[in-house]
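J.: Below is the structure I would like to discuss, written out as structure tokens.
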Amino acid sequence: MKLTPTFRSILLLFVFSLSIAACKTKKSVSDSTPQSTPQDVPMDTDQKTQGEETEVNFPEKNSDLDDEPYDPTQDQSSNDSKDDPTLEESIESVINDVFKTVEDAVDDVTNVIDDVIRGGVQDNYDWSKAPETSTDSLLHKYIPFRLDADLSHLSANQIKIVGKLIDAAEVMNDLFWYEAYGDKNILLGSIDDPALVSFAMINYGPYDRLNGNKAFINGVKDKPAGANFYPADMTKEEFEASDVEDKKGLYSFVRRDREGKLYTIPYHEQFSSEVKYVSNLLAECAELAEDPGFKKYLELRSKALLNDEYQESDMAWLDMKENMIDVVIGPIESYEDQLYGYRTAHEGYVLIKDMAWSKRLAKYAKFLPDLQRGLPVPAKYKAEEPGRDTELNAYDVIFYSGDCNAGSKTIAINLPNDEEVQLAKGTRRLQLKNAMRAKFDKILVPISEELIDPSQRKHITFDAFFSNTMFHEVAHGLGIKNTINGKGMVREVLKEHASALEEGKADMLGLYMIKQLHNQGELTEDLMDYYVTFMTSIFRSVRFGASSAHGKANMIRFNYFDEMGAFTRNPETGTYKLNFENFEKAMDSLGEKILVLQGDGDYNGTATLVKEKGVIKSQLQADLDRLSQKGIPVDVIFEQGKRVLGL
Ligand SMILES: [Zn+2]
């Protein structure tokens, strides 16, 4: 972990005074003890750890303390003046006690720092209390969920790897803070209310991600669309007219020099000490790794962070198959750059693969080529061959950090994003099972009890929720990556709307896949389970508001489905009832519409769709408000990390 300089001094002072206090207490018991000064031991490890900071901002946790704990017996064996066994025992016990006290103190302080500086659930906020103030209501949009997993099947080396990966992933929190906002410490230091500090930590900045990125701290201006990737005062006209290097770069910041001219700085230069630290940790994990595929991936990823060239490591990530542990780390998604959608944000996931579930999921990937051919669009919009070497796995997540941990939490991922890698090797879809279960139990079911017609509530099932999410991910692999008219990559042409449209596509084509597989007898559950659960999930997702690509995609879909009569609302009960036939018609036609917009690279058409349909109308808003009034949370936050896992 890394500490701020101020906090470091406080920590040192605190540890020091505790040591002294402990010494004083014990000295009265054995005054004549020629003790080795106990504060030397932990003080030294602390200073060693922190002294290295001049070179690297992210010092390694002192490995002496972890692997070879200080052995007070050894120290005493060098002391030849002890002839009284009772005295010797008491000396040992004194030293042990002092060491333990100091170690506990360090642990306590470390934990507090983890919570205050690192993010996650705040110890000082009582989540069990009902919201009383408006700040409470903000926080109660979230519900804490403990992110633990069974690690008992892992080897000692694998457990070590998990710990190091969590350390590495933690750094992503800081990088993402900078990308999303700027200086975290200045912001947090300026907030008095601890609850608001917690809320800023959840949002990685002073903007409420579940409310259109509105500032929730007085005096803070609205969030710039380009977050901190571009100068706040830069206009689109200025950027587009400029000849700045690496203009559409995925891995650089755009900055302004003293003369006011725009320039770019690569992530690995901006974050040079941080990426070195993370790179070292990944290299250490590579050494410990037994699975050759995992080892190679870790080695390449470790190097990639130093120059922001990720392609080779992405390829290696897809090549590894048998690893039980996985890590997704680095600058990955471009949602945070809402100005252009070019620049990626740092994040980290540490994952434990669920081997049994993964086997069950693997079989669906082989249907992709057939499903691509069957898409309900003219042939030219489905000419690309989806990667055959595609893979679908289930995982329990044990750590989220950075982008994926900000505001609403991701429950499934489809990576890598590099289209060249996708065309060469396909993608891997990661279903995050424990996180999905959290959202299903704590959010989706309570929503259905409020908004879904009682006769259709029996169709809300975890299996359907899991499948819908899974097929959404698979469906990202369908359709096309390049426009059909030579305009270039879909993602570049559709700019800031690309993500929302891509998410919309995945949702519609995911349902299309379910329908097809159901028709082929591959899925046997009632189609209504999938549709009603999907419909309920729209309410869940629409609550994420306008600030995320998924949120926008969901609003477009809701309004489109409304116009198509896919559901009706009972004005007396305020519940929604799905109309099976119209629902299927709506999903097919919206899917087709999106595929055509993407294939044509129709920026204006997409912008119009987002503008007209990407809004929450008043009736829906009133229904969503009912959910909030009932105290149904919008999303989860995770109690997570080494402590939760007992590492
Ligand atoms: Zn998606």
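The values are calculated or read from the model by the stated rules, or taken from the named source; none is laboratory data. Quick caveat, the model's predicted, so the values are computed rather than measured. Here Cβ is always computed from backbone atoms with ideal geometry, including for glycine, and neighbour counts include all displayed protein chains. Only protein heavy atoms, including side chains, enter the accessible area calculation; ligands, DNA and RNA are left aside. Shrake-Rupley method; radii C 1.70, N 1.55, O 1.52, S 1.80 Å.
J.: Taking loop as defined by DSSP and a crowding limit of 10 other beta carbons within 10 Å, which GluC sites (Glu not before Pro) in the stretch 565-647 fit?
T.: The qualifying sites are 572.
J.: Could you give the length gained on full extension between residue 152 and residue 568, defined as 0.36 nm per residue of separation minus the Cα-Cα distance, in nm?
T.: Going from the current span to full extension adds 144.9 nm.
J.: Next question, about the same structure. Over the Cα atoms of the stretch 309-348, compute the convex hull volume and normalise it per residue, giving Å³. Display every interim value, and only then the final one.
T.: Details: hull volume 2.8 nm³, N = 40.
Spread over its residues, the Cα hull of the stretch 309-348 gives 70 Å³ apiece.
J.: Mind listing the Cα extents of the stretch 372-490 along all three principal axes, in Å, largest one first?
T.: 48, 36, 25
J.: Follow-up. About its Cα centre, how strong a charge dipole does the stretch 396-500 have in debye, to the nearest 20, once Lys and Arg get +1 and Asp and Glu get -1 at the Cβ?
T.: The dipole of the stretch 396-500 has a size of about 140 debye.
J.: Could I ask something else about it? Give me the number: length gained by fully extending residue 129 to residue 355, i.e. 0.36 nm times residue separation minus the C-alpha to C-alpha distance, one decimal in nm. List each step's numbers first, then the result.
T.: On the way: separation 226, 0.36 × 226 = 81.36 nm, distance 3.90 nm.
Stretched fully, the residue 129-residue 355 segment lengthens by 77.5 nm.
J.: So, one more: For the stretch 313-324, in order, what is each residue's ³J(HN,Hα) by Karplus, 6.51 cos²θ - 1.76 cosθ + 1.60 with θ = phi - 60°, in whole Hz (x at glycine and Pro)?
T.: Working through the residues one at a time gives 6, 5, 4, 5, 4, 6, 6, 7, 10, 9, 5, 8 Hz.
J.: Based only on Cα atoms, what Rg/Rh ratio does the stretch 170-250 have, Rh being taken as Kirkwood's radius?
T.: 1.03
J.: Using amide H atoms built in the peptide plane, which far-off residues or other-chain residues are under 5 Å from residue 484 H to H?
T.: 600, 601
J.: Can you pull out the GluC sites (Glu not before Pro) in the stretch 199-246 whose DSSP state is coil and whose Cβ has at most 15 other Cβ atoms within 10 Å?
T.: Listed in order of number, the matching sites are 245.
J.: On to the next question. Would you calculate the separation in nanometres between label points at residue 528 and residue 137, each defined as 7 Å from the Cα along the Cα-to-beta-carbon direction?
T.: 3.7
J.: What percent of all Cα-Cα pairs in the stretch 460-617 falls into each 5 Å bin, going from 0 up to the bin containing the maximum distance?
T.: Values per bin, smallest distances first: 2, 9, 18, 23, 20, 14, 8, 4, 1, 0, 0.
J.: Then there's this: Step through the residues of the stretch 301-310 one at a time and calculate ³J(HN,Hα) from phi using the Karplus curve (6.51 cos²θ - 1.76 cosθ + 1.60, θ = phi - 60°), rounding each to whole Hz and writing x for Gly and Pro.
T.: 5, 4, 6, 4, 5, 7, 9, 6, 10, 9
J.: Sticking with this one: Gain in length, residue 235 to residue 615, computed as 0.36 nm per residue apart minus the alpha-carbon separation, to one decimal in nm? Please report the intermediate quantities before stating the final value.
T.: On the way: separation 380, 0.36 × 380 = 136.80 nm, distance 2.47 nm.
Gain in length upon complete extension: 134.3 nm.
J.: If you find the alpha carbon centre of the stretch 199-273 and of the stretch 388-436, how far apart are they in angstrom?
T.: Computed from Cα coordinates, the inter-centre distance equals 25 Å.
J.: What accessible area, in Å² to the nearest ten, does a 1.4 Å probe give for residue 339?
T.: The accessible area comes out at roughly 30 Å².
J.: At what distance in nm do the modelled label points of residue 269 and residue 455 sit from each other, each positioned 7 Å from its Cα along Cα→Cβ?
T.: 6.6
J.: If you consider only alpha-carbon coordinates, what radius of gyration and Dmax does the stretch 306-403 have, in Å?
T.: Here Rg and the maximum Cα pair distance are 16.5, 44 Å.
J.: Also, I was wondering about something else. Can you tell me the Rg and Dmax of the stretch 549-607, counting just the alpha carbons, in angstroms?
T.: 13.5, 44
J.: Given a cut-off of 20 Å, name the pairs among 552/613; 495/552; 141/214; 487/611; 380/611 whose C-alpha atoms lie farther apart than that in the structure shown.
T.: Table pairs above 20 Å Cα-Cα are 487/611; 380/611.
J.: Cα atoms only, the stretch 387-434: Rg and Dmax in Å?
T.: 12.1, 34
J.: Right, another one. Between residue 248 and residue 380, what FRET efficiency follows from the Cβ-Cβ distance if R0 is 25 Å, with the result rounded to 0.05?
T.: Computed FRET efficiency for residue 248 and residue 380 comes out at 0.45.
J.: Hey, can you rank 161-168, 293-300, 225-232 by average C-beta count inside 10 Å, highest first?
T.: 161-168, 293-300, 225-232
J.: Next up: List every residue whose amide H lies under 5 Å from the amide H of residue 333, counting only residues 5 or more places away in sequence or on a different chain, with H placed 1.01 Å from N in the peptide plane.
T.: 345
J.: Label points 7 Å out from Cα along the Cβ direction at residue 217 and residue 437: separation in nm?
T.: Placing both labels 7 Å along Cα→Cβ, they lie 3.7 nm apart.
J.: Give a residue-ordered list of calculated ³J(HN,Hα) values for the stretch 131-139 (Karplus: 6.51 cos²θ - 1.76 cosθ + 1.60, θ = phi - 60°; whole Hz; x for Gly, Pro).
T.: Rounded to whole hertz, the list is x, 10, 9, 5, 5, 4, 4, 4, 5.
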